[in-house]
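Engineer: Have a look at this one before I ask anything.
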Amino acid sequence: MSKSPKGRSGQSPKRKPAAKPANRPAPVNSAKETGIVKWFNVKKGFGFITRDAGDDIFVHYRNIEGNGRRAIAEGDRVQFVVIDGDKGLQADEVETI
């Protein structure tokens, strides 16, 4: 017979509350930029956008605006703001236009 863990009061131990989500980094530039989706892997949840300025920028599915399945497709025209993420610059508030 297995016993469930009990605290000193005889009640089951309380779970720790889930960690609060980290605040989003501030935009590097408040102006919206535009670009074309270079590629996006739906299974992995990330890809790259070629900025109109010419260089590529990382995009994660969490940074795509919208409800339900958040994904973009190769060739989509998008607008976004640039943030300084954990691993460098990345697109945020991504929307197709």
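Each value in this text was obtained by applying a stated rule to the coordinates, not by laboratory testing. All values reported here derive from a predicted model rather than from experimental measurement. Cβ atoms come from the backbone with ideal geometry, glycine included; neighbour counts cover every protein chain shown.
Engineer: Considering only residues that are more than 13 Å from K32 (Cβ to Cβ) and assigned to a strand (DSSP E or B), which ones fall in the stretch 58-95?
Structural biologist: Of everything in the stretch 58-95, those that are more than 13 Å from K32 (Cβ to Cβ) and assigned to a strand (DSSP E or B) turn out to be F58, V59, H60, I64, D84, G85, G88, L89, Q90.
Engineer: Answer yes or no as to whether K38 is of a type in the set (K, R), more than 14 Å from E95 (Cα to Cα) and loosely packed, with under 13 Cβ neighbours inside 10 Å. If you could, list the steps in order and put the result at the bottom.
Structural biologist: On the way: of a type in the set (K, R): yes; more than 14 Å from E95 (Cα to Cα): yes; loosely packed, with under 13 Cβ neighbours inside 10 Å: no.
Judged against the criteria, K38 is not a match.
Engineer: If you scan the stretch 80-93, which residues turn out to be touching a strand residue (DSSP E or B) at 6+ places or on another chain (Cβ under 6 Å), surrounded by fewer than 17 Cβ atoms within 10 Å (Cβ to Cβ) and more than 13 Å from F48 (Cβ to Cβ)?
Structural biologist: D84, E93
Engineer: Now for a different question. Which one is farthest from V81 (Cα to Cα) among residues in the stretch 50-70 that are within 14 Å of the chain's Cα centre (by Cα) and surrounded by 15 or more Cβ atoms within 10 Å (Cβ to Cβ)?
Structural biologist: R70
Engineer: Same structure again: Give me the pairs, please: first residue somewhere in the stretch 41-64 and of a type in the set (K, R), second residue anywhere and part of a loop (DSSP other than H, G, I, E, B), beta-carbon distance under 9 Å, and either six or more positions apart or on two chains.
Structural biologist: Matching pairs, first to second residue: R62/G45; R62/R70.
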